[in-house]
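Undergrad: There's a structure below that I have some questions on.
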Ligand SMILES: Cc1cc2nc3c(=O)[nH]c(=O)nc-3n(C[C@H](O)[C@H](O)[C@H](O)COP(=O)(O)OP(=O)(O)OC[C@H]3O[C@@H](n4cnc5c(N)ncnc54)[C@H](O)[C@@H]3O)c2cc1C
């Protein structure tokens, strides 16, 4: 079994760490795991549960960057290929190959000939995509099908006036939240000291050098002072909250991004579609259900604002029905709305669009040393971004660099399911609420709110392990329901 996660905020205050990571999403956790594996002493605080922010809400696709070939962005395409391969090597239990099908129409730049050229280039860029990958996870090369073959193989395309379809393979994360948590388990195995439900409320300074953070335990309300030589601010959409008081805000524009988990059965392949406004959308089969995404808000949103306006939800469903006309989706089909914020690109006179690359801010230009902030745009490439950040930390700490090994070290895996996994999570994976257990440590609540008997049974298993009384169990069940 992997190294257990135990929550003890006192442990975080007893020494000066080489690194304090603030934020336990995929970006913070990969930094913590990498730094700890390379021998740095690491602390991490997360104000809610690990992986409960944007990292919970992604579309579960691990993509090899085919889209970057359109703009001939070969470095980014290569990075995506490498990171997709790394995940298949280090966590084959978490990902599965999935065909992606894009309907093609008569077009010079997006038609059959253009896609054939794209796949030819992809064969070169992704020539080593299967090196070291288990045979079960080997990805075939992409191909272009004619209209008849495409419509025979993929019934979703029958209603469309297509010329053919492009078919390629990427991975889908079948164990999306266990994959995120696996990075926390890996960090702990290498000695990182971590706490969820611990919010960094301010950064601490020694002159203009960062010396740690003040952290408030969200469970008992106590304040703690953590000291560290370096800090990585990996707070996702909340990036500026800690930076503003230091005059180092980066004013990162953000868009809301939304997926819909529906109650409808998913098809055998992921299908692409285009709405009338030209938005590219995907229907992804996930755990037997159809998941639709990703829709970005038409305008910049306020950091932390995750309320989806009813008008936005209706607009998204309307666009899905344009892109997937055979589905006739309505609000009644929606079991869960995934939402998060993603960095946006602003261009004069144009609506904001999703930013393609991560932003890593070294705050030395604001006169602050020892602090780096990261705002990632892809779950897929978080590990590579973490590797670059940790390289930089070694330089700041004036230590000889130790080579990164996270691309080849298997991530911890817990081979349990059902009640056994719930019980293990409650005792060894820092579960603080029933929602942590049913939504992120297991997939009980991944497709929508579990029914009453399932929730009651989960509250018994987790409640018995954590010593909850009847009143606490009732509150925890209500807490899970309120999330949906
Ligand atoms: C709808 C949607 C679909 C997507 N689909 C895909 C996809 O299919 N494939 C892909 O590769 N990428 C996808 N992405 C992008 C990907 O999900 C994100 O790039 C990634 O999850 C961002 O991770 P993060 O760690 O930066 O942010 P988060 O996961 O938000 O982590 C930040 C964490 O910091 C914590 N925090 C904030 N403030 C504090 C504080 N003061 N103290 C302590 N903790 C704090 C938060 O609680 C949060 O847990 C998608 C994104 C969205 C929104």
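We did not get these values from a lab; they are worked out from the coordinates using the rules stated. In this text, all values refer to a predicted model and were calculated from it rather than measured experimentally. Glycine also receives a Cβ, built like all others from the backbone with ideal geometry; neighbour counts cover every protein chain displayed.
Undergrad: Mean projection of the alpha-carbon convex hull of region 363-403 over all orientations, in nm²?
TA: Seen from a random direction, the Cα hull of region 363-403 projects 3.4 nm² on average.
Undergrad: Angle check, please: helix 382-396 long axis (alpha carbons) against the longest principal axis of the chain (alpha carbons), in degrees 0 to 90, nearest 10.
TA: Compared with the principal axis, the helix lies near 40 degrees.
Undergrad: So how far apart, in nm, are the two label points at residue 312 and residue 225 if each is 7 Å from Cα heading toward Cβ?
TA: Placing both labels 7 Å along Cα→Cβ, they lie 4.0 nm apart.
Undergrad: With each pseudo-label sitting 7 Å past Cα toward Cβ, what's the residue 427-residue 106 distance in nm, one decimal?
TA: It works out to 6.8 nm between the two label points.
Undergrad: Could I ask something else about it? For residue 96 and residue 73, what does the FRET efficiency come to when R0 = 30 Å and r is the distance between their Cβ atoms, rounded to the nearest 0.05? Please report the intermediate quantities before stating the final value.
TA: Details: r = 27 Å, r/R0 = 0.89.
The formula returns an efficiency of 0.65 here.
Undergrad: Exposure proxy check: 353, 369, 54 ranked by fewest other beta carbons within 10 Å?
TA: Going from sparsest to densest Cβ surroundings: 353, 369, 54.
Undergrad: Another one. How far, in degrees from 0 to 90, does helix 452-466 lean away from the longest principal axis of the Cα atoms of the chain, to the nearest 10?
TA: The helix 452-466 is inclined about 30 degrees to the chain.
Undergrad: Right, here's the next one. As an exercise, take the mean of 1/r over every pair of distinct alpha carbons in region 418-483, invert it, and state the Kirkwood radius in angstroms.
TA: 11.3 Å
Undergrad: With bins 20 Å wide starting at 0, give me the P(r) of the chain over every alpha carbon pair, in whole percents.
TA: The distribution over the chain is 23, 57, 19, 0, given as percents.
Undergrad: Multiply the residue separation of residue 369 and residue 16 by 0.36 nm, subtract the distance between their alpha-carbon atoms, and state the gained length in nm to one decimal. Spell out each step's value before the answer.
TA: On the way: separation 353, 0.36 × 353 = 127.08 nm, distance 1.64 nm.
Roughly 125.4 nm would be gained on extension.
Undergrad: Over the Cα atoms of region 254-351, Rg to Rh with Kirkwood Rh, two decimal places?
TA: 0.97
Undergrad: If I take every Cα pair under 8 Å that is 6 or more residues apart in region 254-351, average their sequence separation and divide by the length, what percent do I get for the relative contact order? Please report the intermediate quantities before stating the final value.
TA: Values: 169 pairs, mean separation 39.5, N = 98.
Answer for region 254-351 is 40 percent.
Undergrad: How would 112, 345 line up from fewest to most surrounding beta-carbon atoms within 10 angstrom?
TA: The fewest-first ordering by Cβ neighbours comes to 345, 112.
Undergrad: While we're looking at this one, here's another question. Could you order peptides 280-292, 41-53 by the average number of other Cβ atoms within 10 Å of their residues, highest first?
TA: Packing order, densest peptide first, comes out as 41-53, 280-292.
Undergrad: Follow-up. Quickly estimate the mean residue ellipticity at 222 nm for the chain, helices only: each DSSP H run with n ≥ 4 gives -39500 (n - 2.57), and the total goes over all residues, rounded to 500.
TA: The helix contribution divided over the chain gives -9000 deg cm²/dmol.
Undergrad: So, one more: If you take every DSSP beta bridge fully contained in the chain, what fraction is antiparallel? Give it as a percent rounded to 5.
TA: Percent antiparallel among DSSP bridges in the chain is about 75.
Undergrad: Under a crude label model (7 Å from the Cα following the beta-carbon direction), how far is residue 280 from residue 403 in nanometres?
TA: So the label points at residue 280 and residue 403 sit 3.5 nm apart.
Undergrad: Taking Cα atoms, how many degrees apart are the long axis of helix 74-90 and the longest axis of the chain, rounded to 10 and kept between 0 and 90?
TA: Tilt of helix 74-90: around 70 degrees.
Undergrad: Okay, next question. Please work out the C-alpha center-to-center distance from region 249-266 to region 418-484 and express it in whole Å.
TA: That distance is 25 Å.
Undergrad: Additional query: Å³ per residue of the Cα convex hull, for region 296-452? Intermediate results must be reported in sequence, preceding the final value.
TA: Numbers: hull volume 34.4 nm³, N = 157.
Measuring per residue, one finds 219 Å³ for the Cα hull of region 296-452.
Undergrad: If you take the alpha carbon radius of gyration of region 1-134 and divide it by 2.2 N^0.38 Å, what ratio comes out, to two decimals?
TA: 1.40
Undergrad: If you don't mind, another one. Taking the alpha-carbon centroid of each part, what is the distance from region 96-152 to region 343-407 in angstrom?
TA: 30 Å
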